[in-house]
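Asks: I have a structure I would like to understand better, so I am pasting it below and will then ask my questions one at a time.
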Amino acid sequence: MADSVPRLSRRGFLAASGAALLGAVVAGSAGHAAPGAGTAQLGDFWLFGRYDDGCTDPGFDESDLDPVQLPHCVTPLSWTGWDPASWQDRWIYRKHFTGTASDRFRARFDGVLTNAEVHLNGELVATHEGGYLPFEVDLPGVVPGDNVLAVVVDGRWALDVPPNLPRSAGPSVIDFYQPAGIYRPATVAAVGRTRLADVFAQPVDVLSPGRSLHLTCTLEAPVTAEVTASVRQAGRELARAAAPVRGTTAEFDVGGLGAVRLWDVEDPALCDVVVTVRAGSAVLDQRIVRTGFREARFTPDGFFLNGRRLKLFGLNRHQWYPFAGGAMPDRVQRRDAEILRRELNCTMVRCSHYPQSSAFLDACDELGLLVWEEIPGWGRVGDTAWQEQNLRDVSAMITRDRNHPSIVVWGTRVNEANGTTAMYQRTGQLARRLDPSRPTSGALASSTGARYAGSDVEVLAYNDYTARRGGPFQLRPPRPGVPYLVTESIGTLAGARAYRRTDPAATQQQQAELHAKAHDLAAADDRYCGLLAWCAFDYPSGWQRSVGGTKFAGVADLFRIPKPAAAFYASQGDPLARAVVEPGFAWDFTAQPTGPGRNATIWSNCDRLELFLDDHPAGAARSRRADFPHLRYPPFAVDLVVPRGQRPQLRIDGYAAGRLVVSRRFSGDRSRDVLGCVPDDTELRADGTDATRVVVSALDRFGTLRAGATGKVALTMTGPGALVDDDTIDLGATGGAAAVWLRPFAGTPGTLTLTARHEVLGTATATVTTTASGTAGGTRS
Ligand code: GAL
C-alpha cells in the first residue's frame, strides 16, 4: 500500500523547507493586510512521528521522524478496511522556522483531530480540544534564528470530547471513523499590535430597498481608532460607512444598499466588505469579509428563499476520503460542493455531523448550495464537561461561519441524542445571541422524534427512517404548526444493507428508486421544507450495517464516483442547461445475457426518449409520472430484451422543448473497452497544499463506466509530488472504477504523470502541471 505521506528524502526536505522560513512571511493573504503583518501557509514540510519522551524539546533527536506536508493524516490508509488502532495514539509534528526579533507571531490551525498541545521552543503555549474547529495560538517566545514549533496530536478515543464518548459503556467507535492528524490547513502570521479579532456582517431587511448591513467589528485590545466598511459587489463599491471604536468594538450600519444583487441558489451573488481600522492616517488592520444578501425563512408552510418557495433538495455529506482520511487539501474539499450542486442538483447539504472545512463552505457560497451546519456529536450525550464542550463548539462554529450566506440553520442539538431540554436551551440561546439571523435545529432520531416537543429549536428536523419497518416507502407526516425538515432518510436502513456498484443490478436500482420516492413524497406536501437524504458519499465506519469497514450508503462512492442512485439526482436539473440520460441499468451482456429486461429505468430530464438498437428504432420510452407524481423530472421505463448471443449498440436520443438535446450510445461489446485516467484539474500549485483527483476506470468505447470490469490496474507516477493511493486498483472490488489523488511537493514545480496499466484494457495516462502560482482552487465554470 502506498501512503498518504509524501515520499521525499531528508535532503530534499531540508532544501525545500528553507523556502518557507517564517521570517519570509508575505503580506496580504487570509483576509488580513495590515502593514508589517503577513501570513504564510504552514503546509510545507514538517517532521512527523509517534510521540516519544522529550519530543517537544528543541534539541530532540529528529533522525527517526519523517518529512510530511499538511494537511496530513497520521497513518497510511486504504480505501477500505480502516483500523482505528492505527491512529488512536499520540503523535508529534515538529516545524523549524527562522524568527525575527521584532514581530509578534500567531499560528492558526484549522482542524486537528482530536486534541492538540502546542509547544514553542520547549514551552507549552496552548492546548485545544476537539477536531472540527479552528484555534489560534500566540507565539510569544519566538527568537531570532531557529525556532521549533512542536505539536502533540492526541487521537485516542478515550478523550472526553464530542463526538467521542469514552465514559459510556458502548464500543469505542461511532458511525464514522475519525483518523487523527493536523488534517486541515495551518498558517502562521506576523500580526499587528492592533488586530481585528472578528467581523460579523449581518444583512438586515434584505427584501426591502432600504436594506442595510449591520457590522460588529471586535478588536483584540482597546484602541482609539475608526473602522470603515466598504461594501463591494462585482468589483464596484456600493456603499460605505464608518464608526469610532468604543472599547474594543465598533458597531454600525452600512445603508444605501438598494442596488445590491441578492444571493440565491440560482445566482449566488456575493459581496466583499472591506473593513479597515485607522488611527489618523495609519492603517492598523484590514480584513475582507465575504457575505451575501438573502432572506431564508423556514415556516410551517415550507421554506422560502428571498420570498420564493424553494423545496430543499439535498443530501448529507461526511468529509472522509480514501487514503487520506479527512486530510485532503482545499481544492478537493471544494470539489464535493461542486459535485453536490452542479452534478447532483442539490440545493442544500447537511454537514453531518460536525463543522466542515472552510474551503467547502466557501464553495457552497460561490455555488449557491444552502448549508445546515451542526456541532460535533452523534447519538449520545456525555457528562457535564462534555456538554460544556458543546457550548464551546456552538460558539466556535458560529463565530467562524456566520458570514457564510449559504448557511441557513445551526444544528445546536447533538444528532439523534436526547440530552436535556435545559442543555439544549443553553446551546440554542447561545446560538441566537451570537447570530440572531438564523434559526436553530437538531436532527431527531426515528425512535424519539415523535415525542419531542421542540421547545428549544425553531426548526423541527427529523431523521426519518420510518420506511425501515417494511411495506411501501413512506415518510412521517410533517408536524403541524412548526417548520419541518427531513434531515435524513434511506441510508442503509431502508432496503439493502449496502449499495455498491458490485451489488446486483436490482439492489442498485432499489437505492435509486428509494431516493426518488423520498424526494417525491417530500415534494408532495408544502409543509415539508424539504428532504436531505442519507447520504452523498460512502464513508468508513465500523458501526452497524457497515460492510468491511465502510458504510455503503452514498449515492456516490468514497471516490466520489456516481452510483446509479446518483443518476436520479443528476436528472433533476434543467434539460436545457444540462440534458441528462442515465440508464439505471448496465448495458452489459455478461451478467444479463438477454439485456436489462422489461420495465428497465432510465433517469432523464428530457420530455421524450427515443431508443435505437444498432441504429434501428426500438421505440419510445414510457414516462413513469404515475410512480412519481411530484418529481420535477420523473424517470422513464423501457423494455429491452435482446436475443441471447446478440450484443447490439444502444442509442438513446433525448428531446426537450421540441428538439434533440442529447444523444448517447452504449456499447455491449466489451472487447473494445478502454481504460480511462482523467484528472479533475490539469494545473496545480507546487506549494504543498494542493491536490487533485484522478479517476481511473474501465469505459466502454463511448466513455460509459463498465461497472462489471475486473482485473488489476497498476499505477506509477513520475514528477515532484506524492501519489495518494493504493499501488494497485482492483476493478473487480471497486466496481470498475476508483480514484487516486496527485499531491505536488512544495517548492519544486514540474510535471506529474500518472500511468495506469491494465492487462486487457491497456494503458492510460494523466498529466498535471505544477507551478509556483498554479490556478486557484476555485470553482470551475
Ligand atoms: C442515522 C445517523 C447517521 C447514520 C445513519 C445510518 O441514525 O444519524 O449518522 O448513522 O443513521 O444510515
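Asks: To make sure I understand the rule: partners must be lysines, Cα under 16 Å from the Cα of K311, and not fewer than 8 residues away in the same chain. Which ones qualify?
Replies: Here the lysines satisfying the reach criterion relative to K311 are K517.
Asks: Something else about it: Could you pull the Cα extents of the range 299-554 along its three principal axes, largest to smallest, in whole Å?
Replies: 51, 43, 41
Asks: Under the rule of -39500 (n - 2.57) per DSSP H run of 4 or more residues, summed and divided by the residues of the chain, what mean residue ellipticity at 222 nm is obtained, to the nearest 500 deg cm²/dmol?
Replies: It comes out at -3500 deg cm²/dmol, rounded to the nearest 500.
Asks: So, one more: Local charge sum around A707 (other residues, Cβ-Cβ under 14 Å, Lys/Arg +1, Asp/Glu -1)?
Replies: -2
Asks: Something else: Once ligands and nucleic acids are excluded and a 1.4 Å probe is used, how much of D52 is accessible, expressed in Å² to the nearest 10?
Replies: D52 exposes around 80 Å² with every protein chain in place.
Asks: A follow-up question, please. Which lysines have a Cα less than 20 Å from the Cα of K95, not counting those fewer than 8 places away in the same chain?
Replies: Cα-Cα hits under 20 Å: none found.
Asks: Using a probe radius of 1.4 Å on heavy atoms only, what accessible surface per residue do you get for the range 299-554? Whole Å² is fine.
Replies: Averaged over the residues of the range 299-554, the accessible area is 28 Å².
Asks: If I compute solvent accessible area with a 1.4 Å probe over the protein chains, what percent of it on the range 299-554 is carbon and sulfur?
Replies: 51
Asks: Still on this model: What accessible area per residue, rounded to a whole number of Å², is obtained for the range 654-750 using a probe radius of 1.4 Å?
Replies: Accessible surface, normalised per residue, equals 34 Å².
Asks: With Cβ to Cβ distances under 13 Å as the rule, what net charge do the other residues near V231 carry (K, R +1; D, E -1)?
Replies: In short, +3.
Asks: What is the gain in length, in nm to one decimal, between L434 and T682 on full extension, counting 0.36 nm per residue of separation less the C-alpha to C-alpha distance?
Replies: In short, 85.1 nm is gained.
Asks: Okay, moving on. Between T594 and S773, what is 0.36 nm times their sequence separation minus the Cα-Cα distance? Round to one decimal in nm.
Replies: Extra length from T594 to S773 when fully extended: 59.0 nm.
Asks: Another question, if that's okay. Hey, got the dipole for the range 299-554? About the Cα centre, +1 on K and R Cβ, -1 on D and E Cβ, debye to the nearest 20?
Replies: Rounded to the nearest 20 debye, it is 320 debye.
Asks: Report for the range 299-554 the percent antiparallel among DSSP-assigned beta bridges with both residues inside it, nearest 5.
Replies: Around 25 percent antiparallel, to the nearest 5.
Asks: So if I place +1 on the C-beta of Lys and Arg and -1 on the C-beta of Asp and Glu, and nothing else carries charge, what would the dipole magnitude of the range 671-771 be about its Cα centre? I want it in debye, nearest 20.
Replies: So the magnitude is around 240 debye.
Asks: Taking H as built 1.01 Å from N, whose amide H comes closer than 5 Å to the amide H of D198, not counting residues under 5 places away?
Replies: Counting only residues 5 or more places away or on other chains, the set is T218.
Asks: Sequence-distant or interchain residues sharing an amide H contact under 5 Å with L238, placed H: which?
Replies: V231, R232, Q233
Asks: Jot down the per residue volume, in cubic angstrom and as a whole number, of the convex hull over the alpha-carbon atoms of the range 205-291.
Replies: Each residue corresponds to 94 Å³ of Cα convex hull volume.
Asks: Using a 1.4 Å probe over the heavy atoms of the protein chains, calculate the carbon and sulfur portion of the accessible area of the range 670-746 as a whole percent.
Replies: That fraction is 52 percent.
Asks: Check each of the chymotrypsin sites (Phe, Trp or Tyr not before Pro) in the range 631-735 and keep only those in coil by DSSP with at most 14 other C-beta atoms within 10 angstrom; list them in order.
Replies: Hits after loop and neighbour filter: F702.
Asks: Measure off, as a whole percent, the carbon and sulfur share of the 1.4 Å-probe accessible area of the range 90-172, all protein chains present.
Replies: Accessible surface attributable to carbon and sulfur in the range 90-172 totals 49 percent.
Asks: May I have the convex hull volume per residue, in Å³, for the Cα set of the chain?
Replies: Residue-normalised Cα hull volume stands at 157 Å³.
Asks: What is the mean projected area of the alpha carbon convex hull for the range 671-771, to one decimal in square nanometres?
Replies: So the Cα hull casts an average projection of 5.6 nm².
Asks: Placing unit charges on C-beta atoms (Lys and Arg positive, Asp and Glu negative, everything else neutral), compute the dipole magnitude of the chain about its Cα centre in debye, rounded to 20.
Replies: Roughly 1940 debye for the chain.
Asks: Could you give the accessible area per residue of the range 196-291, probe 1.4 Å, as a whole number in Å²?
Replies: 44
Asks: If you average 1/r over every pair of different alpha-carbon atoms in the range 553-601 and take one over that average, what Kirkwood value in Å do you get?
Replies: After inverting the pairwise mean of 1/r, the radius is 12.5 Å.
The values are calculated or read from the model by the stated rules, or taken from the named source; none is laboratory data. All of these numbers come straight from a predicted model, not from anything done at the bench. Virtual Cβ from ideal backbone geometry, glycine too; neighbours counted across all protein chains shown. Accessible surface areas use protein heavy atoms only, side chains included; no ligands, DNA or RNA. Shrake-Rupley method; radii C 1.70, N 1.55, O 1.52, S 1.80 Å.
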